[in-house]
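Q: Structure incoming, see below.
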Amino acid sequence: MANTTKFIPPQSLAKTGAIVVGSGLAGLSAASQLISYNVPVHLLERSLKPGGNSIKASSGINGAPTKYQAVPDAEFYGDTLKSVGKVLVNSRDKRENLISVLTNSSSDAISWLAEEKGIDLSKVAQLGGHSRPRTHRGSGQTPPGASIVTTLLNALKTSPLFQLKTSCLVTRVLKTGNEVTGVEYTCDGGESEELYGPVVFTSGGFAGDTEGLLGHYRPDLAGFPSTNDPKPGSQKLLTDVGAQLLDMELVQVHPTGFVDPKNPLTSLKFLAAEVLRGEGGLLMLDGRRFYNEMETRENITNAITRTPAADASPRQWNIQLVLDEGVYNAAKSHIDFYLWKGLMHKATVADLGPNALASIQQYANSAAGLSVDPFGRGTFANWALREVAPESIVYVGRVTPVVHFTMGGVVINERSEILGANDIPIRGLWAAGEVTGGIHGENRLGGSSLLECVVFGRIAGDHAAAFFNKSY
Ligand SMILES: Cc1cc2nc3c(=O)[nH]c(=O)nc-3n(C[C@H](O)[C@H](O)[C@H](O)COP(=O)(O)OP(=O)(O)OC[C@H]3O[C@@H](n4cnc5c(N)ncnc54)[C@H](O)[C@@H]3O)c2cc1C
């Protein structure tokens, strides 16, 4: 039975508001929801700049059905379940419940962002592992992560109820009995302070925590480059107050991080957005295609890492990402940015080596419907080149697998409550986003992370608001 003792905060600290830890999309979604119920929000962020990894998101956010999709889509739940893989047999009911909430709320999440918040999400692409186009982004220059985060943050800043404190690291969760009562934090390394109120934890994953959690749970990934800054995960703050962990060893290695020709051996890589493959791009190893580019991230990565690495430190491969003019036009803002950064360049098919012409011609034939793709790819989106010649123009970048996302984290239920021993919710404590585990299983589908931030962040905000209004 849950401990129902009501926490009575000291008089001077009563009604200060709810506390949100981390200013990525999950935190901003929770904060937006709390403010909509007139609950004051203290948002604590350890970095100087808000936005976390969410602001870097480049491919988009999933939703189905939405008015932007051209084809009917009732497959999102099934695609997600399939992507979870073998771990589905462990805690099947709980995983299915979370996936139902995620996919059933996805249409509403897109409407909330697009219609209520005015964010352009009108362009839809099909990413790997998806059987329908359902990853939404805007048609302009700004990548989806930046436009969503900036819009939500700017809206929050107009509210007198919203207080954002950056460079403030939460160091402890305060708990009395089975009830969380607030947090301890320090700003700019100064003296510790305490803040009281219900707590929503949205502190992100640990893919960049090579020396800590990542090294502990996946020592085999040591030496892989990453898309994430080398920062510690904050899951321990939650296990210290009784939170359970799940799937911590399930780490997503994304198949395509750019190897920058100017600095090829740096460990921090720029992500080559999955939308490049989704819009029709292909991958080549030793100048030949080798796999279905629309497969899941996990399967493509495994196909690459089964072959010998090209470099030992960091451990990286020599894969070419190849696009034609059709793909370029469909993802122009992304590709112009990569060209400007020197991560991609314009070349001819002849520049790609002696085998490239035949391999790309075969791909072009499949795209034109003249033959069945030998690797099983069924959708070629905007690939336009039909007659491939040595002088045909392509856009090329070197890519390699990169540690990208952590599927594991604290266990939550459909109400975003953090579960302690015997699956009993810890009162006064919620979580959403990458800090949680159990939704994606062995493979997160592209676009589903931003979605989980919005769906479970808003749910956390709803419940924390109700709790605040009742208890304080
Ligand atoms: C390059 C890149 C591209 C991506 N593209 C996509 C995409 O197109 N679509 C998609 O769905 N997903 C994408 N992802 C994944 C997705 O962006 C993240 O998984 C998601 O945004 C996580 O959001 P979050 O709010 O949970 O955490 P974050 O956005 O990482 O925010 C967590 C915040 O918490 C702060 N924090 C942590 N601990 C503390 C503490 N103790 N005290 C105070 N603050 C703390 C961190 O500094 C951080 O700012 C991408 C990821 C990367 C790296």
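The values are calculated or read from the model by the stated rules, or taken from the named source; none is laboratory data. Since the structure is predicted, the reported quantities are computational estimates derived from the model, not experimental observations. We place every Cβ from the backbone using ideal geometry, glycine too, and count neighbours over all the protein chains shown. Just so you know, the surface numbers come from the protein's heavy atoms only, side chains and all, with ligands and any DNA or RNA stripped out. Shrake-Rupley method; radii C 1.70, N 1.55, O 1.52, S 1.80 Å.
Q: Relative to the first principal axis of the alpha-carbon coordinates of the chain, what is the inclination of helix 144-157, with its axis defined by its Cα atoms, in degrees from 0 to 90 and to the nearest 10?
A: That helix lies at roughly 20 degrees to the long axis.
Q: Taking amide H positions as placed 1.01 Å from N in the peptide plane, with prolines and chain starts having none, which residues 5 or more places from residue 291, or on another chain, fall under 5 Å of its amide H?
A: none
Q: Further question on the same structure: Please give the solvent-accessible surface of residue 453 in Å², to the nearest 10, using a probe radius of 1.4 Å with every protein chain present.
A: Accessible surface of residue 453 is approximately 10 Å².
Q: Right, something else. What angle, in degrees between 0 and 90 and rounded to the nearest 10, separates the Cα long axis of helix 92-104 from the longest principal axis of the Cα atoms of the chain?
A: Result, in degrees: 80.
Q: Each residue of region 355-366 in order: what ³J(HN,Hα) in whole Hz does its phi give by Karplus 6.51 cos²θ - 1.76 cosθ + 1.60, θ = phi - 60°, with x for Gly and Pro?
A: Per-residue couplings from phi come out as 8, 5, 4, 5, 5, 6, 4, 4, 4, 4, 5, 5 Hz.
Q: Further, regarding this structure: How much of residue 170 can a 1.4 Å solvent probe reach, expressed as accessible area in Å² and rounded to 10?
A: It works out to around 10 Å².
Q: Using a Förster distance of 45 angstrom, determine the FRET efficiency expected from the C-beta separation of residue 131 and residue 211, and round it to 0.05.
A: With a Förster radius of 45 Å, E is 0.70.
Q: Under 19 Å Cα-Cα from residue 56, which lysines qualify once same-chain neighbours fewer than 8 residues away are excluded?
A: 123, 231, 269, 332, 341
Q: Excluding residues fewer than 8 places away in the same chain, name every one of the aspartates and glutamates whose C-alpha is closer than 18 Å to that of residue 86.
A: Leaving aside aspartates and glutamates fewer than 8 places away in the same chain, those within reach of residue 86 are 96, 247, 249, 295, 298, 442.
Q: Right, another one. Tell me the relative contact order for the chain as a rounded percent, counting alpha carbon contacts under 8 Å between residues six or more apart.
A: RCO, the chain: 25 percent.
Q: Please report, to one decimal in angstroms, the Kirkwood hydrodynamic radius of the chain built from all distinct Cα-Cα pairs.
A: Result for the chain, one decimal place: 22.8 Å.
Q: On to the next question. Per-residue HN-Hα couplings for region 301-316, Karplus 6.51 cos²θ - 1.76 cosθ + 1.60 at θ = phi - 60°, whole Hz, x for Gly and Pro?
A: Listing the rounded values in order: 4, 4, 5, 6, 6, 5, 8, x, 5, 7, 10, 8, 9, x, 6, 9 Hz.
Q: With a bin width of 5 angstrom, please list the P(r) values of region 251-403 as percents of all Cα-Cα pairs, from the 0 bin to the one holding the largest distance.
A: In whole percents, the pair-distance histogram is 2, 10, 20, 24, 22, 15, 6, 1, 0.
Q: Quick one: net charge around residue 406, please, counting Lys, Arg +1 and Asp, Glu -1 for every other residue with C-beta under 10 Å from its C-beta.
A: -2
Q: In whole Hz, what ³J(HN,Hα) sequence does region 460-472 give by Karplus (6.51, -1.76, 1.60; θ = phi - 60°), x for Gly and Pro?
A: Each residue's phi maps through the Karplus curve to give 4, x, 4, 6, 5, 5, 4, 5, 4, 5, 7, 9, 10 Hz.
Q: Say the cut-off is 20 Å between C-alpha atoms; which of 49/165; 117/470; 49/262 go over it?
A: Listed pairs above 20 Å: 117/470; 49/262.
Q: Enter the accessible area of residue 262 (Å², nearest 10), with the probe set to 1.4 Å and all protein chains included.
A: For residue 262, solvent-accessible area is about 140 Å².
Q: Also, quick follow-up: Given H placed on each backbone N at 1.01 Å, which residues far from residue 318 in sequence or on other chains put an amide H within less than 5 Å of it?
A: 310
Q: If I measure Cβ to Cβ between cysteines in the chain, which ones have no partner under 4.7 Å?
A: 453, each lacking another Cys Cβ under 4.7 Å.
Q: Out of residues 5 or more away from residue 402 or on other chains, whose amide H comes under 5 Å of its own, with H placed 1.01 Å from N in the peptide plane?
A: Those qualifying (amide H under 5 Å, at least 5 residues apart or on another chain) are 254, 256, 257.
Q: Got a number for carbon plus sulfur as a percent of region 102-242's accessible area, 1.4 Å probe?
A: It is 48 percent, rounded to a whole number.
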